[in-house]
Amino acid sequence: MQNLLVTGGCGFIGANFIRYLLEESDFRGRIINLDALTYAGNPLSLRDLEERLPKRYTFVKEDIRNREGVARILDTHAVDAICHFAAESHVDRSITRPDDFIQTNIIGTYNLLQLARERQQRISLFHHVSTDEVFGSLGDTGFFVETTPYQPNSPYSASKASSDHLVRAYHHTYGLPVTVSNCSNNYGPFQFPEKLIPLMILNALEGKALPVYGDGLNVRDWLFVRDHCTAVWAIMQRGKRGETYNVGGRNEMQNLAVVHAICDLLDEMAPALPGGKRRRELITYVKDRPGHDRRYAIDCGKIEQELGWQPAESFATGIRKTIRWYLDNSAWIQAVRSGDYQKWIKEQYGT
Ligand code: NAD
Ligand code: TYD
């Protein structure tokens, strides 16, 4: 892996992954970050790398729906491995606007697979980053394992399931060297403030309402983003080609418990709200998400046993680091929230 194409590297996990590879891991090659810069893509997250490591890091604005454009990038940069993060990733948006999810997550992945297949002599690995949501919803007990049947419930998870099946088929039919990771919910630095944890941190910081869907008792299995990055890299290096690996943090929590933890930490770490109001008082129960999956929980025994991977953070340590990051990075937050930011992207990178 000398010339690694990372798709979606300006998003939350992709940006953390690129930083991890270039700043912490034993990877010694070059990264070409291909990203369409949708509302979720933020080149500011990696801006310093463009300046500090110009020989090892290149950003290219391109859309995986544009097969010709992606083909040019693969050839210009002699790409020999692909790590595919680019996707529409927010369940709520998939409910109101499924079209982008079908186009990017399914057709975009198909384009990449087809292009990789056409360059199979050069491309040593296609790693596909996916989600545990493809397995559907659990009851009170049990865990998702790699062989759990797919039962996606939202347009988002259905589009990711579809892309997983295409990746599998390209390995089975054409012998494309692939690996797949199905990971639980991530949190950490650089996450766009539409997902539960950054949304709650910023609203609670500013004394705004904290919208909890339904009864707040849905369960997610939270993983600090750096732990996801180490897992993806372990799979890319040592994972068996054609295999899938579940990645999770053994940190199952009800949403309400997550929100309580954020409120209490902010009461401790941030300036107090007017009148000394406790942040838990901001919690507001709102209408439930349609088709809301009740519980996700990952059995990550396979990656632990076969690849020796372990998460480094507990929820207690990871959430403290995450809150610290949001408290210390108000410029990043202002940028992603402001309309000016999209204007700035247009000026820098064209439409
Ligand atoms: P994100 O929404 O923060 O980032 C997605 C990135 O993809 C953005 O930079 C966006 O500009 C880019 N993108 C979107 N459409 C594109 C297109 N057509 N062409 C090129 N680039 C495009 O997402 P994330 O949370 O970083 O998730 C990354 C991947 O990890 C996704 O595949 C997601 O399904 C998967 N995943 C996410 C989680 C999670 O908790 N966030 C958990 C498991 C798996
Ligand atoms: P989210 O971060 O959107 O991830 P996903 O739906 O992919 O698991 O949501 C995590 C959980 O938090 C999910 O059960 C929905 C819930 N949630 C809220 O209660 N309020 C919110 O404002 C958001 C965004 C999510």
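All other residues with a Cβ under 12 Å from the Cβ of VAL145 taken together, and with Lys, Arg as +1 and Asp, Glu as -1, what is their net charge?
-2
How charged is the neighbourhood of LEU202? Take every other residue with its Cβ under 13 Å from the Cβ of LEU202, and add Lys/Arg as +1 and Asp/Glu as -1.
Charge balance near LEU202 sits at +2.
Which of these, LEU53, LEU223, LEU210, has the largest mean-square fluctuation under a Gaussian network model of the chain (Cα springs below 10 Å)?
Highest fluctuation of the listed residues: LEU53.
Order of 273-281, 113-121, 225-233 by packing, highest average Cβ count within 10 Å first?
Averaged packing, sorted descending, gives the order 225-233, 113-121, 273-281.
Equivalent-ellipsoid semi-axes (√(5λ), Cα gyration tensor) for the chain, whole Å, largest first?
For the chain, the ellipsoid semi-axes come out as 32, 24, 19 Å.
Could you put PHE59, PHE85 in order, starting from the residue whose Cβ has the fewest other Cβ atoms within 10 Å?
Fewest to most other Cβ atoms nearby, the residues stand as PHE59, PHE85.
Between LEU53 and ALA169, what is 0.36 nm times their sequence separation minus the Cα-Cα distance? Round to one decimal in nm.
38.1 nm
By its C-alpha gyration tensor, with a ≥ b ≥ c as the square roots of the eigenvalues, how is the stretch 87-153 shaped: rounded for a/c under 1.5, else prolate for a/b larger than b/c, else oblate?
oblate
Please compute the Cα-Cα pair-distance distribution of the stretch 1-148 with 5 Å bins starting at 0, giving whole percents from short to long.
Spelled out bin by bin, the stretch 1-148 gives 2, 9, 18, 21, 19, 14, 9, 5, 2, 1, 0 percent.
DSSP loop chymotrypsin sites (Phe, Trp or Tyr not before Pro) in the stretch 148-177 with at most 16 other Cβ atoms within 10 Å of their Cβ, which ones?
TYR150
Roughly speaking, what is the stretch gain from THR147 to GLN237, that is 0.36 nm per residue apart minus the C-alpha to C-alpha distance, in nm to one decimal?
Net length gain for the segment: 30.2 nm.
Work out the count of Lys pairs in the chain where the Cα-Cα distance is under 21 Å, with the pair 8 or more places apart or on different chains.
9
No value in this document is a laboratory result; all are computed from the given coordinates. As the structure is a prediction and not an experimental result, all values here were calculated from the model. Counting neighbours? That spans all protein chains shown, and the Cβs are built from the backbone with ideal geometry, glycine included.
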